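J.: Handing you a structure now.
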Amino acid sequence: MIFPPGPFTDEDYDETFIPSPTSILILGSGGLGCEILKNLSMTASHELPLNLHIIDMDTISSSNLNRQFLFKDKDVGKYKCEIASLAVKDRIKVEYYIGKIEDYEDSFYEKFDIIISGLDSINARKWINETIWRIYNNSNNEKSIIFFDGGTEGFQGSIKIIIPGITACFQCYRSLIPDKIVYPLCTLANTPRLPEHCIEWAKQLGWEEIYQDKIFDYDNDEDVEKMFKIALKRANEFGIEGVTKSLTLGVVKNIIPAIASTNAIISGQLCNEVYKFISNCNPNMKDMGYYNGENGVLFDNEEYLPIDNCPVCGIRTEEIELDSNMELIDIVQLIKDKFELSMPVIMHNGIEIYNFKDQGGSLQLSKEGDVTIEVVDKTLLNGMKIRIKYYKV
Ligand SMILES: [Zn+2]
């Protein structure tokens, strides 16, 4: 079968053309990662060649086996990415990398066309987002790695398609991600009202009163039982119902249960978007899709534009006030020092005013009214604009 043109393919699309393989890196081989790897290994074909790579630092534990279906009992203790790549080896060859994503440099990530994240940590996703943007900026906007991000929490999940220079970046979405719930200590100590308050009190104060320096281990069932008893005693004192052992474990670990089917739904849609992107057969969804299976079913998507002043993809904008009698060479030096720049190039309307590396430039800038200059420096992910307001002494 030759890959047929779709309704949105270019007019000059040649259907006999066999594309070069798309290099894809999957981040994480846990609940989402197993699903993503399974989907892609079935999607890859002669007409849609894929070079698959997967990275993960974790080993398999028995609690993973209910949803991380590429792993079996005998695999407990082995590295997830190694076993996952072995599980699909009859379909496709997958390179695996044992380690943290932060252990690898830009030169490693530059090799990929697409990065798909099945990570469960916000910080790790922020890190890879910055890496992708840095590579984009350092290549003069030529190397654009497309970032497909998936995430699930209980019966909910989301998908993001992040294209450097076009869509919002992961950092732009930060305001949509709720911060961890923090209970005020005074509520925990004096006026608990919820079972969660009693458990959090047990974790922060109650445990230490009884067990002093012994560190609580949430993987140890005896410890969880002890913590549960402390929380239950506290709840009984205040007449609060609802403290159970599983709620105790949820609160102390600060986890929401991972549900295999939600992982399947989210990674299914995620891989469909990857498939559409590579094959050009249909348009991609706009930017962010979200799924909520908590009360009935909602699956929707919406455009999400880059936010102004995003520290990763936006252009930093600053304002300074300067004495109009100042010499231009002193102004550029002041800008370098004030914003802790390394070797900046300072420009106005695209013309170089001063370049610290060559110590050259036009050294000309109007001192009438307000002037906005542009600054490029290796300390700035995306450049900076500075509005200079002059005053006369
Ligand atoms: Zn951004």
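J.: One residue is enough: does region 324-344 have a residue meeting the conditions in contact (Cβ under 8 Å) with a residue 24 or more places away in the chain, in a strand (DSSP E or B) and outside the structural domain of Asn141 (by TED's automatic domain parsing)?
T.: Scanning region 324-344, I find no residue that is in contact (Cβ under 8 Å) with a residue 24 or more places away in the chain, in a strand (DSSP E or B) and outside the structural domain of Asn141 (by TED's automatic domain parsing), so the answer is no.
J.: Keeping to region 287-302, report how many residues are part of a loop (DSSP other than H, G, I, E, B) and in contact (Cβ under 8 Å) with a residue 40 or more places away in the chain.
T.: Residues of region 287-302 that are part of a loop (DSSP other than H, G, I, E, B), as a first pass: 293-297.
Then drop every residue that is not in contact (Cβ under 8 Å) with a residue 40 or more places away in the chain, which leaves 293-294.
Residues flagged as part of a loop (DSSP other than H, G, I, E, B) and in contact (Cβ under 8 Å) with a residue 40 or more places away in the chain within region 287-302 amount to 2.
J.: Kindly provide the set of residues from region 33-69 that are among the charged types (D, E, K, R) and modelled with pLDDT of 95 or more, ordered by number. Show your work before the answer.
T.: Restricting attention to region 33-69, the residues satisfying the condition of being among the charged types (D, E, K, R) are 35, 38, 47, 56, 58, 67.
Listed by number, the residues that qualify are Glu35, Lys38, Asp56.
J.: Hey, can you tell me all the residues within region 116-147 that are of a type in the set (Phe, Trp, Tyr) and crowded, with 23+ Cβ neighbours inside 10 Å? Give the steps one after another, and end with the answer.
T.: Of all residues in region 116-147, those of a type in the set (Phe, Trp, Tyr) come to 127, 133, 136, 147.
Scanning region 116-147 gives Trp133, Phe147.
J.: May I pose another question? Identify the residue in region 324-355 that is of a type in the set (Val, Ile, Thr) and either within 24 Å of Ile166 (Cβ to Cβ) or surrounded by 14 or more Cβ atoms within 10 Å (Cβ to Cβ) (or both) and, among all such residues, is farthest from the ligand (Cβ to nearest atom).
T.: At the first step, the residues of region 324-355 found to be of a type in the set (Val, Ile, Thr) are 329, 331-332, 335, 345-346, 351, 353.
Narrowing further to those that are either within 24 Å of Ile166 (Cβ to Cβ) or surrounded by 14 or more Cβ atoms within 10 Å (Cβ to Cβ) (or both): 331-332, 335, 345-346, 353.
Working: Ile331: 30, Val332: 28, Ile335: 24, Val345: 23, Ile346: 24, Ile353: 28 Å.
Within region 324-355, the match that is farthest from the ligand (Cβ to nearest atom) is Ile331.
J.: Since Pro164 meets every condition but one in (1) touching a Gly at 6+ places or on another chain (Cβ under 7 Å); (2) crowded, with 20+ Cβ neighbours inside 10 Å, which condition does it not meet?
T.: Here Pro164 meets the rest and fails (1).
J.: Here is a further query. Kindly provide the set of residues from region 259-273 that are under 10 Å from Gly157 (Cβ atoms) and in contact with a Leu (Cβ under 9 Å, 6 or more places away or on another chain), ordered by number.
T.: Asn263, Ile266, Ser267, Leu270
J.: Give Asp14, Asp58, Asp113, Asp75 a once-over and let me know the one that is not small (Gly, Ala, Ser) and not assigned by TED's automatic domain parsing to the domain that holds Asp149. If you could, list the steps in order and put the result at the bottom.
T.: On the way: Asp58 fails: not assigned by TED's automatic domain parsing to the domain that holds Asp149; Asp113 fails: not assigned by TED's automatic domain parsing to the domain that holds Asp149; Asp75 fails: not assigned by TED's automatic domain parsing to the domain that holds Asp149.
The match here is Asp14.
J.: Considering each residue of region 100-143, count those that are in a helix (DSSP H, G or I), within 26 Å of Asn263 (Cβ to Cβ) and of a type in the set (S, T, N, Q), and give that number.
T.: 3
J.: Identify the residue in region 300-323 that is more than 16 Å from the ligand (Cβ to nearest atom) and surrounded by 13 or more Cβ atoms within 10 Å (Cβ to Cβ) and, among all such residues, is nearest to Tyr390 (Cα to Cα).
T.: Leu322
J.: Out of (1) closer than 18 Å to Gly33 by Cα; (2) within 16 Å of the ligand (Cβ to nearest atom); (3) free of Cβ contacts under 8 Å to residues at least 40 places away in the same chain; (4) not charged (D, E, K, R), the odd one out for Ser121 is which?
T.: (2)
The values are calculated or read from the model by the stated rules, or taken from the named source; none is laboratory data. Worth saying up front: this structure is predicted, and the values here are computed from it rather than measured. With ideal geometry, Cβ positions are generated from the backbone for all residues, glycine too; neighbour counts draw on all protein chains shown.
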